[in-house]
1. Would you confirm, using the coordinates I've provided, whether Glu168 is over 22 Å from Val98 (Cα atoms), open to solvent by 70 Å² or more (accessible area, probe 1.4 Å) and outside any helix (DSSP H, G or I)?
2. Within segment 35-89, count every residue that is more than 26 Å from Leu186 (Cα to Cα), part of a strand (DSSP E or B) and touching a residue at least 40 places away in the same chain (Cβ under 8 Å).
3. Looking at segment 100-121 only, could you name the residues that are surrounded by 22 or more Cβ atoms within 10 Å (Cβ to Cβ) and polar (S, T, N, Q)?
4. Identify all residues within segment 198-218 that are within 21 Å of the chain's Cα centre (by Cα) and either modelled with pLDDT under 85 or surrounded by fewer than 18 Cβ atoms within 10 Å (Cβ to Cβ) (or both); write none if there are none.
5. Among Pro42, Pro66, Pro20, which is in contact with a Pro (Cβ under 6 Å, 6 or more places away or on another chain) and either surrounded by 22 or more Cβ atoms within 10 Å (Cβ to Cβ) or closer than 25 Å to His146 by Cβ (or both)?
6. Could you check, for segment 145-161, whether at least one of its residues is part of a strand (DSSP E or B), out of contact with any Leu (no Cβ under 7 Å at 6 or more places or on another chain) and under 24 Å from Pro20 (Cβ atoms)?
7. Name, by its number, the condition in (1) open to solvent by 20 Å² or more (accessible area, probe 1.4 Å); (2) touching a His at 6+ places or on another chain (Cβ under 6 Å); (3) closer than 21 Å to His146 by Cα that does not hold for Ala95.
Amino acid sequence: MKQVQEQRNLRVRAETPGVPYFTLSNAPPELRFDAYAESVDPIFDTRREAVGGDFSVGLDGFNAGPVLIGRSRMWGADFHYDRDIRKVAQTGVEAVLVQIITRGGDVRLHDGEATVTRPGDICIADMTRPFATRTDGCENISMVVHHGALGLDEPRLDGLHGLVLRRETLAAQLLGEHARMLVERLPQAGADDALAVARATGLMMGGLIAPSLQESGARASVAVAALFRIKRFIRANLAHPELGPDMVARAMGMSRASLYRAFAPLGSIGDFIRRQRLERVLSDLGAPAQRGKSIAEIAYGWGFADWSTFSRAFKAAFGITPSEARAGAGLVLHQPQGGAGDVLLPHWIRTMETLRLPA
């Protein structure tokens, strides 16, 4: 049983220190689709039909902070990728999915419209809104890019959803070449270089895309928009000692009952606030700039008023004590516990929510 579980786990390697990397290439063929579907679960609910003899899937990627980038392959079947409102509510992150088609093609479904893509096209979808794709064979380079890394204002960010840069445009050609270079060069990059390049990539992408954007795109559904307004307010006020349902409801102009209904897809608002605070504490425990502070100072700074309650919640959330997290110098953020094939990419996407990008 242990050997089967070990075979099921995806191989994880760091080609150079500080640039986390994963690949599906060593997963056994009979388990590869399940591992693939589990890895992309934060983005899509995935299924396959009409599987042929040439069936294959592949996925690998790098984590450069505000930009996650990798290559994916889906071949020899009818593949369905769905991101509905429920999925957005559960795993929404303020980021865009940018995919450069390198072989084959797919059909993109956004806001009731279908778009057929070809090799060289670049497809953009906002992860705070529903969308879907269908394909019977496609390879692409995919990037998850934090909204804050793009350098775009809200109206232009809203126009990103469903945008396709056609391969004939100079913008698509430049972004495509840059993406190919990134996936080839990141294995040799150091951590600082990778972060600097990721930030530059986001700004370059925003600059090249901006002329193609419409500022009056269709907004997300009222329910999804409200949910993200609530989440943004909570994350901006985590250090406030009075942050709780009453404070959030007043700020949003909602009753407590309306707030709870809006937040229902994510569960308890109190649990969400506590988890966000714990993530910030965990991040600070590994930050060199916070080494002069005691663990208690960091915890109190993020709104925890009682040490024993905080300590128990931290251990329950991360499986280690705050002292063990500090001794690990933040590595727990980059090396999730358990089988890497189960949790690595989902972990990367979840932690994008805690990114604090420089202005």
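The values are calculated or read from the model by the stated rules, or taken from the named source; none is laboratory data. Worth saying up front: this structure is predicted, and the values here are computed from it rather than measured. All Cβ positions, even for glycine, are placed from backbone atoms using ideal geometry, and neighbour counts span all protein chains on display. These accessible areas exclude ligands, DNA and RNA; they are computed on the full protein's heavy atoms, side chains included. Shrake-Rupley method; radii C 1.70, N 1.55, O 1.52, S 1.80 Å.
1. Numbers: over 22 Å from Val98 (Cα atoms): no; open to solvent by 70 Å² or more (accessible area, probe 1.4 Å): yes; outside any helix (DSSP H, G or I): yes.
No; evaluated as a whole, the condition is false for this residue.
2. Going through segment 35-89, the residues more than 26 Å from Leu186 (Cα to Cα) turn out to be 45-55, 76-89.
Within this subset, residues satisfying the condition of being part of a strand (DSSP E or B) are 45-49, 76-83.
From the residues that got through so far, the ones that are touching a residue at least 40 places away in the same chain (Cβ under 8 Å) too are 45, 76-83.
Residues flagged as more than 26 Å from Leu186 (Cα to Cα), part of a strand (DSSP E or B) and touching a residue at least 40 places away in the same chain (Cβ under 8 Å) within segment 35-89 amount to 9.
3. Residues of segment 100-121 that are surrounded by 22 or more Cβ atoms within 10 Å (Cβ to Cβ), as a first pass: 100-101, 106, 108, 110, 117, 121.
Result: Thr117, single match.
4. Step one: list which residues in segment 198-218 are within 21 Å of the chain's Cα centre (by Cα), which gives 198-206, 209.
Once the filter is applied, which keeps residues that are within 21 Å of the chain's Cα centre (by Cα) and either modelled with pLDDT under 85 or surrounded by fewer than 18 Cβ atoms within 10 Å (Cβ to Cβ) (or both), segment 198-218 yields Ala200, Leu203, Met204.
5. On the way: Pro66 fails: in contact with a Pro (Cβ under 6 Å, 6 or more places away or on another chain); Pro20 fails: in contact with a Pro (Cβ under 6 Å, 6 or more places away or on another chain).
Every option except Pro42 fails the conditions.
6. Step one: list which residues in segment 145-161 are part of a strand (DSSP E or B), which gives 145-146.
With out of contact with any Leu (no Cβ under 7 Å at 6 or more places or on another chain) added as a condition, the list becomes 145.
Retained after the next criterion (residues that are under 24 Å from Pro20 (Cβ atoms)): 145.
Yes, segment 145-161 contains at least one residue that is part of a strand (DSSP E or B), out of contact with any Leu (no Cβ under 7 Å at 6 or more places or on another chain) and under 24 Å from Pro20 (Cβ atoms).
7. (1)
So that you can scan it fast, the table gives a plain yes or no per residue for (1) out of contact with any His (no Cβ under 7 Å at 6 or more places or on another chain); (2) at positive phi; (3) not in a helix (DSSP H, G or I):
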| site | (1), (2), (3) |
| --- | --- |
| Ala251 | yes, no, no |
| Ala262 | yes, no, no |
| Arg274 | yes, no, no |
| Leu282 | yes, no, no |
| Lys293 | yes, no, yes |
| Ala299 | yes, no, no |
| Gly303 | no, yes, yes |
| Ser308 | yes, no, no |
| Phe314 | yes, no, no |
